[in-house]
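See structure below.
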Amino acid sequence: MNVLTKPRLAFWTDAEELECTSFLKEAPNVMTFSFQSPSGALFNFDPGQFLTLELPTADGPVHRTYTISSSPSRPTSLTVTVKAQPDSIGTRWMFDNLRPGMRLKVRGPGGGFSMMNHPAAKYLFISAGSGITPMMSMTTFLYDSGRPSDIVFVNCAKRPSEIIFRERLEHMASRVTGIDLKWIVETTDPYQPWTGYRGFFNQLMLGLIAQDYLEREVFCCGPAPFMQAVRDALTGLGFDMDRYHQESFGGPLREVERVPDDVLPQDDATAVVTFAGSGKVAKCAQTDTILMVARAAGIPLATGCGMGICGTCIVQKTSGQVHMVHNGGITDEDVEAGYILACCSHPIGDVEIDL
Ligand SMILES: Cc1cc2nc3c(=O)[nH]c(=O)nc-3n(C[C@H](O)[C@H](O)[C@H](O)COP(=O)(O)OP(=O)(O)OC[C@H]3O[C@@H](n4cnc5c(N)ncnc54)[C@H](O)[C@@H]3O)c2cc1C
């Protein structure tokens, strides 16, 4: 529907679907999709937060989590910028099917990866590939504030033509003094001169890129090996890692501090999960997740990231014990109230779930 809705002085909540309004190719295999709320409600979120979209594929709905790449300082619309992998299911569906006028169910916004939670005078935003999305939102927000800011913005890409948002960032950097852009590429594009950095991010580059890195609040997002390289470089240089923040788009669960009374799932031990709402009882291994057990029992349960970040698979545990290793997708208050994330909770003994 191509009707311009006048903004309403009300804030959008995920009870309302989002309507796709446009899409734009950003770089090879990267698209930005814009959305508005059909009611005209405004978007209020912290720059760096994410949404989980329900994508109605031919094989049924799948859930994918994407950082909001736009800024809440431009609240009448919202964008996500998505990179398709060769065998993508969710993102590929968006490339092929998501068009203006279509409406999607959405959950969020969620997540705490935002400079709003760590205010500082100087920032180092360092990203690789699609990990640039939260940095774009945070930089646009700081730029729109009209106040002087001090951002060293580093992005690593395969080649210059694959740097996402390059022109938009250069435009912002050309209008204020506080945005210092640094590009690092693995290789160059044929017949295109390149004067930026070349190779993989390393400790030596860090000192050249931001001599005062010790004074900066660092936000990092990208593939796991990239973030590991950034962490190694910073720790090797004596950086205070309390000022380092990262967002993972995939990969293994973070090891969390074990609480003393936490019981670990045993390889050879069994458990029994009762799904009270469906009247089903399933015997399983303690190493299974509640999500795996629900699926095997034929009980539908929406999931997103599969690693305890997005919070889509939150369920109420009414009795029993689970071992949960999440990545920040559930609040302490919800845990206190008996909620768990099914994707990263292992049943210990007899457990009852309200599902
Ligand atoms: C908090 C958060 C924020 C995110 N923000 C963004 C964002 O702004 N833009 C964006 O493009 N993605 C983002 N992601 C990743 C996104 O949610 C999907 O995991 C990713 O796009 C893969 O989904 P798919 O449908 O493309 O592929 P799938 O159908 O899930 O998987 C297809 C193949 O891709 C591999 N794969 C799965 N996830 C990744 C990954 N992250 N990187 C590389 N290969 C993968 C799988 O192993 C599989 O082989 C975010 C994830 C999280 C948890």
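Might you tell me the accessible area per residue for the chain, computed with a 1.4 Å probe and given in Å²?
Working: 17360 Å² over 355 residues.
I get 49 Å² per residue for the chain.
Tally Lys/Arg at +1 and Asp/Glu at -1 over every other residue whose Cβ is under 13 Å from the Cβ of Ile299; what's the total?
Working: positive: Lys280, Arg295; negative: Asp354.
Its environment carries a net charge of +1.
Within the chain, what whole-number % of the accessible surface is contributed by carbon and sulfur, with the 1.4 Å probe and all protein chains included in the calculation?
Working: 8890 of 17360 Å².
Its accessible area is 51 percent carbon and sulfur atoms.
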Requested in this report: Write down, largest first, the equivalent ellipsoid semi-axes of the chain in whole Å, where each equals the square root of 5 times an eigenvalue of the alpha-carbon gyration tensor.
Outcome: 36, 26, 19
Requested in this report: For a quick protection proxy, order the peptides 149-157, 311-319, 295-303 by their average other-Cβ count within 10 Å, most packed first.
Outcome: 149-157, 311-319, 295-303
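Using just the alpha carbons, could you tell me how many Å³ per residue the convex hull of segment 270-353 encloses? Write out the running numbers ahead of the final one.
Working: hull volume 6.3 nm³, N = 84.
Normalising the Cα hull of segment 270-353 by residue number yields 75 Å³.
Computed over the Cα atoms, what is the radius of gyration of segment 115-247 divided by 2.2 N^0.38 Å, N being its residue count?
Numbers: Rg = 14.0 Å, N = 133, 2.2 N^0.38 = 14.1 Å.
So segment 115-247 has a normalised radius of gyration of 0.99.
Relative contact order, percent, of the chain when contacts are C-alpha pairs under 8 Å separated by at least 6 residues? Mind showing how you got there, number by number?
Numbers: 761 pairs, mean separation 47.4, N = 355.
Computed over the chain, the figure is 13 percent.
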Query raised in the report: Could you give the distance between the Cα centres of segment 11-62 and segment 261-334, to the whole Å?
Result: 28 Å
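Ala297 to Asn117: extension gain in nm, 0.36 nm per residue of separation minus the Cα-Cα distance? Each step should come with its number before you reach the end.
Working: separation 180, 0.36 × 180 = 64.80 nm, distance 4.04 nm.
Going from the current span to full extension adds 60.8 nm.
Kindly state, to the nearest 0.05, the FRET efficiency for Val281 paired with Asp87, given R0 = 56 Å and r defined as their beta-carbon distance. Present the calculation step by step, with values, prior to reporting the outcome.
Values: r = 36 Å, r/R0 = 0.64.
Using R0 = 56 Å, I get an efficiency of 0.95.
How high is the FRET efficiency between Thr318 and Asp232 when r is their beta carbon distance and R₀ equals 51 Å, given to the nearest 0.05?
Using R0 = 51 Å, I get an efficiency of 0.70.
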Query raised in the report: Based on the Kirkwood radius over alpha-carbon pairs, what value in µm²/s does the Stokes-Einstein equation return for the translational diffusion coefficient of segment 8-110 at 25 °C and 0.890 mPa s?
Result: 179 µm²/s
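The values are calculated or read from the model by the stated rules, or taken from the named source; none is laboratory data. Since this is a predicted model, take the numbers as computed values, not measurements. Here the Cβ is made from the backbone with ideal geometry for all residues, glycine too, and neighbour counts use every protein chain on show. What goes into the accessible areas is simple: the full protein's heavy atoms, side chains included, and nothing from ligands, DNA or RNA. Shrake-Rupley method; radii C 1.70, N 1.55, O 1.52, S 1.80 Å.
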